[in-house]
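S.K.: After the structure tokens below, expect a handful of questions from me.
The values are calculated or read from the model by the stated rules, or taken from the named source; none is laboratory data. Model, not experiment: these values are computed from the prediction. Note that we place each Cβ from the backbone using ideal geometry, even for glycine, and neighbour counts take in every protein chain shown.
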Amino acid sequence: MRRRFPDARIARYDPDALRGARGETQRRAAAAAQVVIGTRGALRLFGRAALGLAGFVSPDQLLRLPDFRAGERTLALLWAAAERVGAGGALVIQSQNPTHYAFEAAARQDLAAFYTPELRFRAELGYPPFRRLAIVTLRGGGVPETERLAERVCAALRASTALQIYPPGADRRSRVRRVVVKGPAELPRLVGAALQEFRDPRPEGRGIIDVEVDPVEWPF
């Protein structure tokens, strides 16, 4: 970039550049720069119509996240960038899948172009707003205890035919297990009833069970 624009003020804005004692200096440099290279957080530096150009290199990776809201989050990011581009400017998206409706909706500034196929996708797979979700997070004294607890919890949840239970998944460090549950509008009541037996304080029932209904952030 410096070879291409030798006279431009260029700055980085990403977690590595902002870490440590020089973080505040780097923030100020980025706010005053003509070219900023960074992560999505760099958008916070600029107000509406403050940019002449905003570009994204391979935002496809956002769509690959294990989150049913991945498309929605991708569009929100691109839309926020488009709002910061002034008249006569451009939003450039480099993608391996340029026909994805999230990219097309951002390029056309057309929300309906996103929500129509997105709602169809969620309806087919039973995601909100058509069904409700819960994430059950399990922690035992160790990995074997956590796995046994996960087996017992899944068995209890499967006793309710109205619930759809996915196999337990490990977090990145394998310290916990998480179970995704889909169900109808009364999902909180059904999950609560299924897990009632785990309120037993006996030693074999020990463990931490955390239930998050309608999660906003996907922890996987």
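S.K.: Looking at the range 119-131 only, could you name the residues that are touching a residue at least 12 places away in the same chain (Cβ under 8 Å) and either in contact with a Gly (Cβ under 6 Å, 6 or more places away or on another chain) or in a loop (DSSP other than H, G, I, E, B) (or both)?
M.R.: Going residue by residue through the range 119-131, those that are touching a residue at least 12 places away in the same chain (Cβ under 8 Å) are 121-122, 125-128, 131.
Within the range 119-131, 126, 127, 128, 131 meet the criteria.
S.K.: Sort out which residues of the range 145-183 are outside any loop (DSSP other than H, G, I, E, B), under 22 Å from residue 68 (Cα atoms) and among the small types (Gly, Ala, Ser), and write them in order of number.
M.R.: 169, 170, 183 - these are the residues of the range 145-183 that are outside any loop (DSSP other than H, G, I, E, B), under 22 Å from residue 68 (Cα atoms) and among the small types (Gly, Ala, Ser).
Residues are listed down the side, and each one gets a yes or a no for (1) over 15 Å from the mean Cα position of the chain (by Cα); (2) assigned by TED's automatic domain parsing to the domain that holds residue 177:
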{"residue": "62", "(1), (2)": "no, no"}
{"residue": "65", "(1), (2)": "no, no"}
{"residue": "85", "(1), (2)": "yes, no"}
{"residue": "89", "(1), (2)": "yes, no"}
{"residue": "100", "(1), (2)": "yes, no"}
{"residue": "105", "(1), (2)": "yes, no"}
{"residue": "137", "(1), (2)": "yes, yes"}
{"residue": "143", "(1), (2)": "yes, yes"}
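Residue-by-condition table, conditions (1) of a type in the set (Gly, Ala, Ser); (2) at pLDDT 85 or above:
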site	(1), (2)
24	no, no
31	yes, no
36	no, yes
40	no, yes
50	yes, yes
53	no, yes
57	no, yes
62	no, yes
68	no, yes
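S.K.: Which of (1) part of a loop (DSSP other than H, G, I, E, B); (2) closer than 28 Å to residue 216 by Cβ is the odd one out, the single condition residue 77 does not satisfy?
M.R.: Among (1) part of a loop (DSSP other than H, G, I, E, B); (2) closer than 28 Å to residue 216 by Cβ, residue 77 violates only (1).
S.K.: Tell me, which residue of the range 164-220 that is at pLDDT below 95, of a type in the set (Lys, Arg) and surrounded by 11 or more Cβ atoms within 10 Å (Cβ to Cβ) is farthest from the chain's Cα centre (by Cα)?
M.R.: Out of the qualifying residues, it is 206.
S.K.: Which residue is nearest to residue 170 (Cα to Cα), if the candidates are limited to the range 57-89 and must be touching a residue at least 40 places away in the same chain (Cβ under 8 Å) and in contact with a Phe, Trp or Tyr (Cβ under 6 Å, 6 or more places away or on another chain)?
M.R.: So, considering only residues that are touching a residue at least 40 places away in the same chain (Cβ under 8 Å) and in contact with a Phe, Trp or Tyr (Cβ under 6 Å, 6 or more places away or on another chain), the one nearest to residue 170 (Cα to Cα) is 66.
S.K.: Being among the basic types (Lys, Arg) and assigned to a helix (DSSP H, G or I) is the filter; apply it to the range 24-57 and report the residue that is nearest to the chain's Cα centre (by Cα).
M.R.: Within the range 24-57, the subset among the basic types (Lys, Arg) is 27-28, 40, 44, 48.
Next, from what is left, pick out any that are assigned to a helix (DSSP H, G or I): 27-28, 40, 44.
Numbers: 27: 25, 28: 28, 40: 13, 44: 18 Å.
Within the range 24-57, the match that is nearest to the chain's Cα centre (by Cα) is 40.
S.K.: Moving to a separate point now. For residue 152, indicate whether it is basic (Lys, Arg), more than 30 Å from residue 102 (Cβ to Cβ), in contact with a helix residue (DSSP H, G or I) (Cβ under 6 Å, 6 or more places away or on another chain) and at pLDDT below 95.
M.R.: Values: basic (Lys, Arg): yes; more than 30 Å from residue 102 (Cβ to Cβ): yes; in contact with a helix residue (DSSP H, G or I) (Cβ under 6 Å, 6 or more places away or on another chain): no; at pLDDT below 95: yes.
For residue 152, the condition - basic (Lys, Arg), more than 30 Å from residue 102 (Cβ to Cβ), in contact with a helix residue (DSSP H, G or I) (Cβ under 6 Å, 6 or more places away or on another chain) and at pLDDT below 95 - is not met.
S.K.: Further question on the same structure: Out of the range 1-13, which residues are of a type in the set (D, E, K, R) and crowded, with 16+ Cβ neighbours inside 10 Å? I'd like the intermediate steps shown before the answer.
M.R.: Looking only at the range 1-13, we keep the residues that are of a type in the set (D, E, K, R), and these are 2-4, 7, 9, 12.
The one that is of a type in the set (D, E, K, R) and crowded, with 16+ Cβ neighbours inside 10 Å: 12.
S.K.: Within the range 30-57, track down each residue that is within 30 Å of residue 128 (Cα to Cα) and loosely packed, with under 14 Cβ neighbours inside 10 Å. Break it down stepwise before answering.
M.R.: Within the range 30-57, the subset within 30 Å of residue 128 (Cα to Cα) is 39-41, 43-44, 56-57.
If the condition is that a residue be within 30 Å of residue 128 (Cα to Cα) and loosely packed, with under 14 Cβ neighbours inside 10 Å, then 39, 41, 44, 57 are the ones that fit.
S.K.: Give me the pairs, please: first residue somewhere in the range 1-30 and without any contact (Cβ under 8 Å) to a residue 12 or more places away in the chain, second residue anywhere and in a strand (DSSP E or B) and surrounded by 16 or more Cβ atoms within 10 Å (Cβ to Cβ), beta-carbon distance under 7 Å, and either six or more positions apart or on two chains.
M.R.: 2/10
S.K.: Does the range 58-66 include one or more residues that are surrounded by fewer than 16 Cβ atoms within 10 Å (Cβ to Cβ) and in a strand (DSSP E or B)?
M.R.: Within the range 58-66, not a single residue is surrounded by fewer than 16 Cβ atoms within 10 Å (Cβ to Cβ) and in a strand (DSSP E or B).
S.K.: OK, next. Would you confirm whether or not the range 114-128 contains a residue that is under 30 Å from residue 47 (Cα atoms), more than 18 Å from the chain's Cα centre (by Cα) and among the hydrophobic types (A, V, I, L, M, F, W, C)?
M.R.: So far as the range 114-128 goes, no, none of its residues is under 30 Å from residue 47 (Cα atoms), more than 18 Å from the chain's Cα centre (by Cα) and among the hydrophobic types (A, V, I, L, M, F, W, C).
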